[in-house]
Amino acid sequence: MRTVKYMWPLIACLILCMTLLCGCALIQKDYQSYEMYSMDTIMSWKVWDASDSSIHEDLKSIILEAEQMLSVTNQNSEASNMNRESGTPFEASDALAGIIKRSLTFAEETDGALNVALYPILRAWGFTTENYSVPGQEYLQELLPYTDWTRIQVEGNLVTMQDGMALDFGAVGKGYVTDVCVDLLKEKGITSARLDLGGNIYTLGTKKDGTLWNIGVKMPFETNNELAGILKIQDTAVVTSGNYQRYFEQDGKLYHHIFDSKTGYPADNGLYSVTILSQDAFEADALSTAYFVMGQEAAEEDWRQRGGIEVIWITSDYKIYYTEGLKDCFTVTEGLDSEMVIR
């Protein structure tokens with residue numbers, strides 16, 4: 001028996017839409033809001049004191065352009081064109097070449113825990129086609145050489161990778177587009193905004209009344225939307241990677257979408273989720289995946305050396321660990337087991 005589950009259920013989306021509509025009918029909004037579907041998820045934002053309503057079209061264009069560049073399910077995208085030409089040099093756009101270069105930097109820093117070359121593995125498990133199945137171990141061993149990120153070379157905008165390799169940007173794409181959107185808002189003089197791009201949160205400035213934003217951290221697998229805690233933040237990206245977000249079950253075992261590139265299997269290290277806070281959304285996106293794959297002990301060591309980020313880990317026994325930089329801005333839900341990680 002095989003079942004497939006997603007953590008962006010239609011019911012939740014409908015409830016959100018109804019809530020927004022009801023709120024609009026009852027109060028006079030002092031902000032502009034927009035919602036769209038792109039990059040296989042819901043993208044939404046609220047912007048305060050925007051003098052020009054065209055800002056929504058500008059943000060929408062950024063997101064659609066990013067999708068056209070990075071989508072591997074769109075056969076006409078730049079990423080798909082590049083993947084089809086693996087084995088021969090490909091002249092990438094400035095943006096795509098930059099994303100690949102930065103992804104390779106994170107791959108080197110995390111010993112491949114962040115790996116954009118995992119498309120053959122994702123495809124074998126069905127996460128690109130929704131035809132989910134557990135591939136044989138022998139087949140996975142055959143694919144692993146084609147996921148070696150060290151075989152990707154970028155010189156200027158020229159990208160060369162081994163024939164048979166293919167890149168997937170699911171671990172960094174929303175972080176990239178978030179940073180571009182935030183840069184636009186700043187250029188437009190916006191000082192208060194909240195973006196939710198497929199679960200990747202960015203809070204620009206403070207709320208209009210000068211108070212900090214309240215951002216909930218979800219408790220994995222809880223159907224009643226129980227929170228692990230509340231963050232009070234500003235000018236910060238909050239990105240979570242977890243095995244509860246996208247997975248399927250086969251023969252009573254759960255298989256999720258975050259893969260260990262050393263084995264070709266979903267990462268299995270006692271974690272349910274990792275949340276990263278950073279002023280850099282690309283970094284938060286990349287490291288939330290990398291830290292999930294690395295496991296808590298190795299991730300803690302990287303955090304101690306890296307600087308500039310804070311982390312929340314939730315383990316498979318529902319214990320919450322959070323880094324000491326969050327002690328004054330993260331309130332754990334009463335009754336939950338938690339521990340602060342010291343630098």
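The values are calculated or read from the model by the stated rules, or taken from the named source; none is laboratory data. Note that the structure is a prediction, hence the values are computed from the model and not measured. We place every Cβ from the backbone using ideal geometry, glycine too, and count neighbours over all the protein chains shown.
Here ASP179 clears all of (1) assigned by TED's automatic domain parsing to the domain that holds SER38; (2) out of contact with any Leu (no Cβ under 9 Å at 6 or more places or on another chain) except the condition numbered (1).
Is there a residue in the range 51-74 that is within 19 Å of ALA97 (Cα to Cα), among the charged types (D, E, K, R), in contact with a helix residue (DSSP H, G or I) (Cβ under 7 Å, 6 or more places away or on another chain) and buried (at least 16 other Cβ atoms within 10 Å of the Cβ)? Within the range 51-74, not a single residue is within 19 Å of ALA97 (Cα to Cα), among the charged types (D, E, K, R), in contact with a helix residue (DSSP H, G or I) (Cβ under 7 Å, 6 or more places away or on another chain) and buried (at least 16 other Cβ atoms within 10 Å of the Cβ). Count of the range 168-220 residues, restricted to those that are more than 16 Å from the chain's Cα centre (by Cα), hydrophobic (A, V, I, L, M, F, W, C) and in a loop (DSSP other than H, G, I, E, B), is 3.
Residue pairs whose Cβ atoms lie under 6 Å apart, sitting 6 or more positions apart in sequence or on different chains, and linking a residue in the range 311-340 that is in a loop (DSSP other than H, G, I, E, B) to a partner that is at pLDDT 95 or above and of a type in the set (Ser, Thr, Tyr), are SER316/TYR272.
Just to check your reading of the model, which residue among GLN245, GLN250, GLN279, GLN234 is surrounded by fewer than 22 Cβ atoms within 10 Å (Cβ to Cβ) and in contact with a Phe, Trp or Tyr (Cβ under 7 Å, 6 or more places away or on another chain)?
Sole residue among the options that is surrounded by fewer than 22 Cβ atoms within 10 Å (Cβ to Cβ) and in contact with a Phe, Trp or Tyr (Cβ under 7 Å, 6 or more places away or on another chain): GLN234.
Contact annotation: no residue pair with Cβ atoms under 6 Å, 6 or more positions apart or on different chains, pairs a residue in the range 135-161 that is without any contact (Cβ under 8 Å) to a residue 12 or more places away in the chain with a partner that is among the small types (Gly, Ala, Ser) and surrounded by fewer than 17 Cβ atoms within 10 Å (Cβ to Cβ).
Checking each residue in the range 107-148 for being in a helix (DSSP H, G or I) and over 21 Å from VAL72 (Cα atoms) picks out GLU108, GLU109, GLN137, GLU138, TYR139, GLN141, GLU142. When the range 126-169 is limited to residues that are among the aromatic types (Phe, Trp, Tyr) and assigned by TED's automatic domain parsing to the domain that holds GLY87, the one that is nearest to GLU249 (Cα to Cα) turns out to be TYR132.
Inspection of the range 3-10 finds no residue satisfying the criterion of being among the basic types (Lys, Arg) and modelled with pLDDT of 75 or more.
Under the condition of being assigned to a strand (DSSP E or B), of a type outside the set (Gly, Ala, Ser) and closer than 21 Å to ILE320 by Cβ, the residues counted in the range 221-246 number 9.
Exactly one residue out of VAL116, VAL47 is within 30 Å of TYR255 (Cβ to Cβ) and surrounded by 15 or more Cβ atoms within 10 Å (Cβ to Cβ): that is VAL116.
Within the bounds of the range 163-170, is there any residue that is free of Cβ contacts under 8 Å to residues at least 60 places away in the same chain and more than 26 Å from THR240 (Cα to Cα)? No: the range 163-170 contains no residue that is free of Cβ contacts under 8 Å to residues at least 60 places away in the same chain and more than 26 Å from THR240 (Cα to Cα). Exactly one residue out of GLU339, GLU301 is surrounded by fewer than 16 Cβ atoms within 10 Å (Cβ to Cβ), over 21 Å from ASN115 (Cα atoms) and not aliphatic (A, V, I, L, M), and it is GLU339.
Residues are listed down the side, and each one gets a yes or a no for (1) hydrophobic (A, V, I, L, M, F, W, C); (2) closer than 14 Å to PHE169 by Cα:
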site: MET36; (1), (2): yes, no
site: SER53; (1), (2): no, no
site: THR110; (1), (2): no, no
site: ARG123; (1), (2): no, yes
site: TYR132; (1), (2): no, no
site: TYR146; (1), (2): no, no
